[in-house]
1. Any idea which of (1) modelled with pLDDT under 95; (2) assigned to a helix (DSSP H, G or I); (3) surrounded by 15 or more Cβ atoms within 10 Å (Cβ to Cβ) is the one residue 140 doesn't satisfy?
2. Can you tell me which condition residue 67 does not meet? The list is (1) under 22 Å from residue 146 (Cα atoms); (2) part of a helix (DSSP H, G or I), and all the others hold.
3. Which residue, of 119, 113, 148, is surrounded by 20 or more Cβ atoms within 10 Å (Cβ to Cβ), in contact (Cβ under 8 Å) with a residue 40 or more places away in the chain and farther than 16 Å from residue 226 by Cα?
4. Pull up segment 72-101, narrow it to residues that are at pLDDT below 90 and surrounded by fewer than 19 Cβ atoms within 10 Å (Cβ to Cβ), then point me to the one that is nearest to residue 23 (Cα to Cα).
5. Step by step: first the residues of segment 208-233, then only those that are under 26 Å from residue 140 (Cα atoms) and exposed (fewer than 15 other Cβ atoms within 10 Å of the Cβ), then the one that is modelled with the highest pLDDT. Which residue is that?
6. Conditions first: (1) over 15 Å from the mean Cα position of the chain (by Cα); (2) surrounded by 21 or more Cβ atoms within 10 Å (Cβ to Cβ); (3) within 22 Å of residue 158 (Cβ to Cβ). Residue 43 passes all but one, so which condition is the exception?
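The values are calculated or read from the model by the stated rules, or taken from the named source; none is laboratory data. What you see is a predicted model; the values in this text were computed from it and never measured. Cβ placement follows ideal geometry from the backbone for every residue including glycine, while neighbour counts extend to all protein chains displayed.
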């Protein structure tokens, strides 16, 4: 066309956000390898690294205007490895093999719990991808896969560091794994913290919680990390029960 310059945008992928996603994928892969080698603390730390990178890639993409449909799909697949398959395999390597020593039934239950978690993570990610446009950004529907993974691997980390063994510990471990999977498939609402901004005003008491939490984690990392993510995982059912009780009280008062 005369007097006009036609520019064609080349097809490709954006480097920085997808590089972060690849790093998270590698962390999930390394967690699986470490679990197979019996190095469960390293397997847990790898999942935590994957969580940090997963939180960064989307924000970097939005800040640099490099978000893309490819990045969204790649991120979802990486999450399935890091927060779906990796925690399930970590749990299997940690406890399911030892559960079979107490009988074939225990071994099958542990195997099913690990598979339930992996299947629930896939279900959770698929539901999130299909409802992103209509969902309230302030809340997640169902426990998100990263905190679910953190609950599972921090439990394994805790029992490994303090050498908590025996049938009761193993049954508790696979129960936590199964419950984390069920919470991912649930419709309980969880705070997403996506509306938290660095420039937002907060009360001094809330600000004081940050150094207190950091100190507590530094004193006993496996215990405090497990407690923090367990409290968050429990907040969905607790909030649902509180709302249900409040509705009943409102109806009784009418």
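1. Tallying (1) modelled with pLDDT under 95; (2) assigned to a helix (DSSP H, G or I); (3) surrounded by 15 or more Cβ atoms within 10 Å (Cβ to Cβ), residue 140 fails exactly one: (2).
2. Only one criterion in (1) under 22 Å from residue 146 (Cα atoms); (2) part of a helix (DSSP H, G or I) is unmet by residue 67, namely (2).
3. Numbers: 119 fails: surrounded by 20 or more Cβ atoms within 10 Å (Cβ to Cβ); 148 fails: farther than 16 Å from residue 226 by Cα.
From the options 119, 113, 148, the qualifying one is 113.
4. 72
5. Start the filter on segment 208-233 by keeping residues that are under 26 Å from residue 140 (Cα atoms), which leaves 209-210, 213-214, 217, 222-233.
Among the residues that remain, those that are also exposed (fewer than 15 other Cβ atoms within 10 Å of the Cβ) are: 209-210, 213-214, 231.
Details: 209: 75, 210: 76, 213: 81, 214: 86, 231: 96.
Across segment 208-233, the extreme among qualifying residues is 231.
6. (1)
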